[in-house]
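Data block below; observations after.
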Amino acid sequence: MPILNSIKRRMVEYLATQVNELHIGSDGTDATEDDGGARSMASIVPTVTLLDDLSIEVQGTFDASHIYSSQVQEVYLQYRDATTGEFVPIYRASIMPVTKDGKSEMAFSFILEVE
């Protein structure tokens, strides 16, 4: 029997509360289902929007104040507990190397679904 839509909505609502950090990093290794990101260069608090009963949208922008000598080669989402410091990786992607200087912005947008 498939999971009913009413509980999927609650799972999506819970997931929306668990995405509270968006990171860019310099780790150029391939992303896998078991990794958690590495070599974070910066993190921001993303905007999380409930789209429907099955999905959320996560958006964030690293503006011109974010300047790095290393190239950005990954982006990842995670949950970090403010009281314990514990973190749970949610999503990671390797990206083509990009130089992030004071003349550019990097904007990211993700759609996460519960199926």
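The values are calculated or read from the model by the stated rules, or taken from the named source; none is laboratory data. Just so it is clear, the structure is predicted and the values come from calculations on it, not from any experiment. Every residue, glycine among them, receives a Cβ derived from its backbone with ideal geometry; neighbour counts consider all protein chains shown.
Condition first: part of a loop (DSSP other than H, G, I, E, B) and over 14 Å from the mean Cα position of the chain (by Cα). Can you find one or more residues in the stretch 5-19 that meet it? Scanning the stretch 5-19, I find no residue that is part of a loop (DSSP other than H, G, I, E, B) and over 14 Å from the mean Cα position of the chain (by Cα), so the answer is no. Does the stretch 73-92 hold any residues that are aliphatic (A, V, I, L, M), in contact with a Phe, Trp or Tyr (Cβ under 7 Å, 6 or more places away or on another chain) and more than 12 Å from Ser43 (Cβ to Cβ), and which are they? Val88, Ile90 - these are the residues of the stretch 73-92 that are aliphatic (A, V, I, L, M), in contact with a Phe, Trp or Tyr (Cβ under 7 Å, 6 or more places away or on another chain) and more than 12 Å from Ser43 (Cβ to Cβ). Exactly one residue out of Glu74, Glu105 is surrounded by 15 or more Cβ atoms within 10 Å (Cβ to Cβ), of a type in the set (Asp, Glu) and modelled with pLDDT of 90 or more: that is Glu74. Looking only at the stretch 44-96, residues that are in a strand (DSSP E or B), more than 21 Å from Glu13 (Cα to Cα) and of a type in the set (Asp, Glu) come to 1 in all. Does Phe110 count as closer than 20 Å to Thr32 by Cα and in contact with a strand residue (DSSP E or B) (Cβ under 6 Å, 6 or more places away or on another chain)? Spelling it out, Phe110 is indeed closer than 20 Å to Thr32 by Cα and in contact with a strand residue (DSSP E or B) (Cβ under 6 Å, 6 or more places away or on another chain). Look through the stretch 20-43, keep the residues that are in a loop (DSSP other than H, G, I, E, B) and of a type in the set (Ser, Thr, Tyr), and return whichever of them is modelled with the highest pLDDT. Checked the stretch 20-43; the qualifying residue modelled with the highest pLDDT is Ser26.
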